DNA sequence: AGCACGATTAACT
DNA sequence: GTTAATCGTGCTC
């Protein structure tokens, strides 16, 4: 399947976050089988440039944030809470940095492999959170900086199919309670209404 | 060199 | 509803 073109990510970060809803996240596992795990993106958040107090980019250009200042459509994968990985896609326009956090996907293919990685948990908890989907799809820091516009690579993003627009709900971002206003309350979280794999 | 805290999760009362 | 787990990052001294 064709990946979303790099130009898709060359727009205001919130627009990209909204339009990623329904798109497919395709993870090709290493090894002879090249088994594919697929998740439909159902929840995202936009993180803007250095002015955004909730974004890691607030620290400016550092070793950690470097990817967010780099080429569009690449993966920003970071480690947090001493145990979790989070996956973002670099997207921005007229901003020095910007990325979309993928918060939840709906499992479409490779469920057996996801269950293996998420042992003992019910299917509805497989990928309904940013760290959960990384664990289910075997996304770690090894994929940081990866080009997500390359379908031959281990991870890429494909357009939604069918291409019809999903019903989108909008709210404030999660997990940033210590962040100053207005950043804490900006409507930068997007999810597909009524989807059962949205977090919370 | 030390420290506070985090774009979270799972388990618990 | 609360809390432990667990460590990289950025900031202060």
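In table form, for the structure just shown:
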{"quantity": "Top-ranked residue of segment A:50-72 - restricted to ones that are within 12 Å of DNA strand C (Cβ to nearest atom) and loosely packed, with under 13 Cβ neighbours inside 10 Å, ranked as farthest from residue A:150 (Cα to Cα)", "calculated": "A:59"}
{"quantity": "Restricting segment A:3-46 to residues that are without any contact (Cβ under 8 Å) to a residue 24 or more places away in the chain and part of a loop (DSSP other than H, G, I, E, B), the residue that is farthest from DNA strand B (Cβ to nearest atom)", "calculated": "A:32"}
{"quantity": "Scan of segment A:88-121 for residues that are touching a strand residue (DSSP E or B) at 6+ places or on another chain (Cβ under 9 Å) and within 15 Å of DNA strand C (Cβ to nearest atom), ordered by number", "calculated": "A:88, A:97, A:99"}
{"quantity": "Some residue of segment A:133-145 being within 16 Å of DNA strand B (Cβ to nearest atom) and more than 30 Å from residue A:30 (Cα to Cα)", "calculated": "no"}
{"quantity": "Complete set of residues in segment A:151-169 that are touching a strand residue (DSSP E or B) at 6+ places or on another chain (Cβ under 6 Å) and either farther than 17 Å from residue A:23 by Cα or in a loop (DSSP other than H, G, I, E, B) (or both)", "calculated": "A:154, A:166"}
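Readers should treat all values here as calculations from the given coordinates under stated rules, not as data from a laboratory. These numbers come from a predicted model, not from an experiment. Neighbour counts are summed over all protein chains in view; Cβ atoms, including those assigned to glycine, are modelled from backbone coordinates with ideal geometry.
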